[in-house]
Amino acid sequence: MKETLKLICFNFIFYVLFIFFSLIGIPVLSAIVAFQSIFISHRNGMKKFRRAISWYGLVIIKALPYPFVKVIYEDLDKTKTAGPFIFTSNHRSASDPFLMACLPYECVQVVNIWPFKLPILGFMAKLAGYLSVREMPFEEFSKKATGLLNEGVSIIVFPEGTRSADGSLGQFHGSIFRVALETGYPVIPLCITGNDKIPARGTLLLRPGTIKIHKLSAIICDEYKGFTPYKLKNMVRQLIADEIEVMEGKRNA
Amino acid sequence: MTEQEIIKLTNQVFEESFEIEKEKLKPEMNIFQDLGLDSLDIVDLVVALQNKFGVKIRNDDRIKNIRTLGDIYKFVLSLKAEGASPSL
């Protein structure tokens, strides 16, 4: 009974704050960026806009659900590789796109069709240059992704394409790995655990917990040169699967 | 070409194009869920099969119904039986 009450309070407070912060924060941040953009180049304007989206995301995932939900981000990459990067992450929850705000880089995400249909957030994602991979042929996706990478913008992908229903790692789609092979930009695997129920698939109910995000070492071009897209995507998938098992205590590091 | 030869050559395509271990290549394996191929890999697969068997299959609608490795064996067998026109 006490736990249920706690859960109701947590969700009520979170969603009230979420709506309140979105209604205030999005217009304010947008107005600030729009005003600054008058005096700076389009490229710098976009950089500021994407940074504002990251700030918004950080508030949503770190501040609003605290202390019920804690987010621990660990950078395990010791390679000191220069960006931009192609980030590939496992996907268990609707909170994953927000969690990407932990990455200290200018990023755009590759999304499915439905996030673009979300009120306000979908519009902002479109403005920020997020890529709806299912609404364009591969050639167009590749061209746009390459253009962003060449501008110095990192790309975040959830290659399973959809949230996992049971927490297991699904098969990967290969589009972004083809872009990696074409462009030679480093690929960084990301592993997220602990968010299976924050919220679980098919519900908006948030449960308390600790979310861990591990950024693994960059896989540079020399390491995957000559691979087929199939081989590269499965190599990255295996790295993510292995790290998730370590994070969940199913195997030793 | 016998059924066994077709199975052997099809498996070779999977080993060469995707580096999938021989042990995984069983007729009941779903090429998407078990072997992890995606729509772009299917394009590569079609090209590799065309080259291996000397047939044209790019515009064949039956390819949309393929789910398992066994379906591919059957598909190639039927193409060979129909005497599909050489592509090369």
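The values are calculated or read from the model by the stated rules, or taken from the named source; none is laboratory data. Model, not experiment: these values are computed from the prediction. Counting neighbours? That spans all protein chains shown, and the Cβs are built from the backbone with ideal geometry, glycine included.
Checking the condition within 27 Å of A:Val59 (Cβ to Cβ), buried (at least 22 other Cβ atoms within 10 Å of the Cβ) and at pLDDT below 95, which residue from A:Arg92, A:Arg163 passes? Matching residue, one of A:Arg92, A:Arg163: A:Arg92.
Tell me, yes or no, whether the range B:54-68 has at least one residue that is outside any loop (DSSP other than H, G, I, E, B) and touching a Ser or Thr at 6+ places or on another chain (Cβ under 6 Å). No; the residues of the range B:54-68 include none that is outside any loop (DSSP other than H, G, I, E, B) and touching a Ser or Thr at 6+ places or on another chain (Cβ under 6 Å). For A:Ala82, the requirement of being among the small types (Gly, Ala, Ser) and closer than 18 Å to A:Trp55 by Cβ is not met.
Could you please let me know if B:Leu45 is surrounded by 17 or more Cβ atoms within 10 Å (Cβ to Cβ) and more than 11 Å from every other protein chain (Cβ to nearest Cβ)? For B:Leu45, the condition - surrounded by 17 or more Cβ atoms within 10 Å (Cβ to Cβ) and more than 11 Å from every other protein chain (Cβ to nearest Cβ) - is not met. Taking B:Ile63 as the residue in question, decide whether it is surrounded by 15 or more Cβ atoms within 10 Å (Cβ to Cβ), more than 14 Å from chain A (Cβ to nearest Cβ) and within 13 Å of the chain's Cα centre (by Cα). For B:Ile63, the condition - surrounded by 15 or more Cβ atoms within 10 Å (Cβ to Cβ), more than 14 Å from chain A (Cβ to nearest Cβ) and within 13 Å of the chain's Cα centre (by Cα) - is met.
Take the range A:37-68 and flag every residue that is in a loop (DSSP other than H, G, I, E, B) and either of a type in the set (Val, Ile, Thr) or without any contact (Cβ under 8 Å) to a residue 12 or more places away in the chain (or both). Let's see the steps before the verdict.
To start, the set of residues in the range A:37-68 that are in a loop (DSSP other than H, G, I, E, B) comprises A:38-41, A:64-68.
A:Ile38, A:Phe39, A:Ile40, A:Ser41, A:Tyr66, A:Pro67 - these are the residues of the range A:37-68 that are in a loop (DSSP other than H, G, I, E, B) and either of a type in the set (Val, Ile, Thr) or without any contact (Cβ under 8 Å) to a residue 12 or more places away in the chain (or both).
For the range B:8-17, what are the residues that are within 14 Å of chain A (Cβ to nearest Cβ) and touching a residue at least 24 places away in the same chain (Cβ under 8 Å)? I'd like the intermediate steps shown before the answer.
Going through the range B:8-17, the residues within 14 Å of chain A (Cβ to nearest Cβ) turn out to be B:13-17.
Answer for the range B:8-17, where residues must be within 14 Å of chain A (Cβ to nearest Cβ) and touching a residue at least 24 places away in the same chain (Cβ under 8 Å): B:Val13, B:Phe14, B:Glu16, B:Ser17.
Residues of the range A:165-220 that are more than 18 Å from A:Met247 (Cβ to Cβ), part of a loop (DSSP other than H, G, I, E, B) and of a type in the set (Ser, Thr, Tyr): A:Tyr185, A:Thr203. In the range B:18-37, the condition of being buried (at least 16 other Cβ atoms within 10 Å of the Cβ), part of a helix (DSSP H, G or I) and either of a type outside the set (Ser, Thr, Tyr) or over 10 Å from the mean Cα position of the chain (by Cα) (or both) is met by at least one residue. Against the list (1) crowded, with 17+ Cβ neighbours inside 10 Å; (2) more than 14 Å from every other protein chain (Cβ to nearest Cβ); (3) touching a Pro at 6+ places or on another chain (Cβ under 6 Å), the condition A:Ile240 fails is (2).
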